[in-house]
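In what follows, a single structure is set out as structure tokens and then discussed.
The values are calculated or read from the model by the stated rules, or taken from the named source; none is laboratory data. None of these values were measured; they are calculated from a predicted model. Reconstructed Cβ throughout: ideal geometry from the backbone, glycine too, with neighbour counts over all protein chains shown.
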Amino acid sequence: MYLVSAVLMLFFMISCNDNVKKSSKKWPPVESLPVEEAKLTTAPNVPPAITRKHPAKVVVNLETREFNAELVDGVEYTFWAFGDSVPGPMIRIREGDFVEFHLNNHPDSKMPHNIDLHAVTGQGGGAEGSFTPPGKTSIFNFRALNPGLYIYHCATAPVGMHIANGMYGLILVEPEEGLPPVDKEFYVVQSEFYTEGKFGEKGLQPFDMNKALKEIPDYVVFNGKVGALTDTNALSANIGDNVRIYFGVGGPNLQSNFHVIGEIFDRVYQEGGTKVAQKNVQTTIVPPGGSAMVEFKVDVPGTFILVDHAIFRAFNKGAIGQLVVKGEENHEIYTGKTYEGIYMLEGSTIQTIPKVKEKKDQVVNLSFADKMKEGKRVYKRNCAACHQKDGSGLKGAFPPIAKSDYLMANKERSIKILLKGLSGKITVNGETYDSVMPAMSLDNSDIASVLTYIRNSFGNKGKEVTIKEVKKVRKEK
């Protein structure tokens with residue numbers, strides 16, 4: 001009993017000492033501090049490391065805006081944001097800095113906004129002092145007492161709706177001694193969007209409050225849109241680089257299970273703190289309104305995939321990114337495939353993607369050019385992962401659609417494959433394939449467009465596919 005009491009007393013004393021240290025630390029008077037303007041950066045870019053060894057008065061200018069932008073190819077959304085992107089700009093300051101924060105609400109905004117910075121010690125994290133109607137400016141000040149990586153977000157009612165529409169970002173408060181230097185730093189925020197239409201449904205999609213209340217998002221994304229960190233937008237590094245990712249979750253509802261396929265986090269600063277909590281981590285959990293810093297050295301070249309490992313969120317809702325690493329192969333670490341042989345098959349069946357109620361075709365008379373444009377969009381989203389962006393397929397697994405004798409021989413068969421799936425052996429350009437093609441949950445217009453695109457791309461030349469032809473095959477049993 002005495003031992004327990006002693007331990008509790010020691011814990012209480014340590015806690016009190018920490019609190020005293022935090023609150024009683026003497027900072028230079030504000031009027032004596034040098035003044036500088038914060039350098040804000042748009043994701044995935046990170047502001048430069050702070051090299052000064054003393055506090056400063058840092059002026060932050062941040063604007064709130066409301067605008068329409070692309071959520072995924074062919075889909076627009078009305079974003080509410082800090083700055084002109086989602087997430088908002090990354091802010092980097094130093095422990096002990098005195099911040100003069102200017103929040104400016106663009107005159108074209110329809111809503112008032114404010115900001116709650118989780119780095120602020122004070123009512124509402126600054127929300128109480130920053131409520132700003134359209135066309136107005138609010139100024140408040142705070143001392144950066146606690147180092148760490150913090151989320152900021154709008155806290156104007158309805159709070160969930162403001163966050164769901166894109167109002168969040170990260171603020172880094174560097175410790176007095178700074179962070180260990182690295183070669184590359186990236187800024188990534190995961191969030192989800194709730195739209196009236198299903199994933200990929202074209203046009204301007206309004207926010208759906210019922211889906212948000214049920215926590216069933218149509219999109220889960222990195223940096224505000226599907227594809228924000230892929231293809232030409234991919235992150236890049238070179239072999240030997242030490243990489244740090246500042247990772248946050250804007251929410252509003254879902255935690256992230258952050259993982260980089262093919263890498264292990266050497267160090268994780270869990271929950272945005274300044275101490276390494278774990279080493280050699282495969283996946284780290286980050287809650288909504290939370291953050292983490294992960295560090296790892298890249299040892300071999302390749303394309304490493306960032307995902308939320310609640311895996312349908314990645315491959316079906318958009319939470320996927322790429323880190324492209326360039327350099328010489330190192331077969332002491334990874335060789336790639338060294339052998340391919342025959343393995344006894346267990347057999348397979350057609351796997352169907354759950355059916356949705358067929359909607360009335362919104363577009364009936366697309367021109368050939370419009371079909372090619374829409375078909376390319378559908379192909380990129382649904383087909384390129386297996387059949388590749390250039391239609392070359394993967395030898396032994398996914399047949400090529402480029403210059404495909406099988407595909408071009410029978411237009412009706414191609415329609416049927418998309419509608420009903422395919423399994424079993426087929427021969428394409430003289431090669432035998434035995435895999436599974438799932439039935440696709442696409443509407444008639446999308447199927448007509450994507451098959452028209454495929455039949456007139458990748459070295460193929462054929463007649464376009466019509467909605468009437470798709471409807472006919474769909475009705476067949």
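Residues in the stretch 29-42 that are in a helix (DSSP H, G or I) and of a type in the set (A, V, I, L, M, F, W, C): how many? Walk me through it before giving the result.
Within the stretch 29-42, the subset in a helix (DSSP H, G or I) is 30-32.
Checking which are of a type in the set (A, V, I, L, M, F, W, C) leaves us with 30.
Summing the residues that are in a helix (DSSP H, G or I) and of a type in the set (A, V, I, L, M, F, W, C) in the stretch 29-42 gives 1.
Quick one: in the stretch 39-80, which of the residues that are farther than 28 Å from LYS110 by Cα and among the basic types (Lys, Arg) is surrounded by the most Cβ atoms within 10 Å (Cβ to Cβ)? It comes out as LYS57.
For (1) modelled with pLDDT of 95 or more; (2) outside any strand (DSSP E or B), each residue gets a yes or a no:
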position: LEU8; (1), (2): no, yes
position: PHE12; (1), (2): no, yes
position: ASN19; (1), (2): no, yes
position: PRO44; (1), (2): yes, yes
position: HIS54; (1), (2): yes, yes
position: VAL58; (1), (2): yes, no
position: GLU63; (1), (2): yes, no
position: LEU71; (1), (2): yes, no
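Taking the conditions (1) touching a residue at least 24 places away in the same chain (Cβ under 8 Å); (2) charged (D, E, K, R); (3) not in a loop (DSSP other than H, G, I, E, B) in turn, ASP299 satisfies each one other than (3).
Counting only residues that are touching a His at 6+ places or on another chain (Cβ under 9 Å) and part of a loop (DSSP other than H, G, I, E, B), the stretch 134-161 holds 5 of them.
Would you kindly identify the strands (runs of 3 or more DSSP E) lying entirely within the stretch 224-281 that contain at least 3 residues that are modelled with pLDDT of 95 or more and among the hydrophobic types (A, V, I, L, M, F, W, C)?
Values: elements: 235-238, 242-251, 256-261, 265-269, 278-281.
By residue number, 242-251, 256-261.
Being over 17 Å from VAL221 (Cα atoms), in contact (Cβ under 8 Å) with a residue 12 or more places away in the chain and outside any strand (DSSP E or B) narrows it down to one of GLY124, GLY166, GLY88, so name that one. When all the criteria are applied, what remains is GLY124. What single numbered condition from (1) assigned by TED's automatic domain parsing to the domain that holds LEU229; (2) assigned to a loop (DSSP other than H, G, I, E, B) fails to hold for ARG313? Only one criterion in (1) assigned by TED's automatic domain parsing to the domain that holds LEU229; (2) assigned to a loop (DSSP other than H, G, I, E, B) is unmet by ARG313, namely (2).
The residue that is surrounded by the most Cβ atoms within 10 Å (Cβ to Cβ), among those in the stretch 160-194 that are under 19 Å from ASN68 (Cβ atoms) and over 17 Å from the mean Cα position of the chain (by Cα), is HIS162. Note on the stretch 91-111: residues that are of a type outside the set (Lys, Arg) and assigned to a loop (DSSP other than H, G, I, E, B) total 8.
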